[in-house]
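S.K.: Quick one: this structure, given as structure tokens, is what I'll be asking you about.
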Amino acid sequence: MLGAAVVGLAALVGAGVYAQERKSEEQPKPHEAQADKTADACADCMKQCAKAVRHCGRQLADGKKEYLKCLELCADCMEMCGAASKCCRWSRTATTCWRPSAIRW
């Protein structure tokens, strides 16, 4: 009888803790809206860089070799903006994310 009471009590406490955890997950985090805006801006930048990479590629195909450096720069920018967008989205669910301010010079 005592064992059943303990199991029942543990189930009630566990359900209460689970409900509390879910409630805290549903509450918006203070910087969530800003993180979303920043991630969206970085994603938009990445799309524009992708368009520039395609443009430079077409120019290179036409024999305009001076577009090679521009293509490389746009490809690098596209990669950085994509990484920044992912970091902003990821930081909402994780406790830490790489930040330039975290680097000690």
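The values are calculated or read from the model by the stated rules, or taken from the named source; none is laboratory data. Being a predicted model, the structure only gives us computed values, none of them experimental. Counting neighbours? That spans all protein chains shown, and the Cβs are built from the backbone with ideal geometry, glycine included.
S.K.: Could you list, in sequence order, all residues of the stretch 32-51 that are farther than 23 Å from residue 71 by Cβ and touching a Ser or Thr at 6+ places or on another chain (Cβ under 7 Å)?
M.R.: Matches in the stretch 32-51: 35, 39.
Condition check ((1) part of a helix (DSSP H, G or I); (2) of a type outside the set (Gly, Ala, Ser); (3) at pLDDT below 95; (4) touching a helix residue (DSSP H, G or I) at 6+ places or on another chain (Cβ under 7 Å)) across all residues:
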| residue | (1), (2), (3), (4) |
| --- | --- |
| 28 | no, yes, yes, no |
| 35 | yes, no, yes, yes |
| 40 | yes, yes, yes, no |
| 55 | yes, yes, no, no |
| 58 | yes, yes, no, no |
| 68 | yes, yes, no, yes |
| 82 | yes, no, yes, yes |
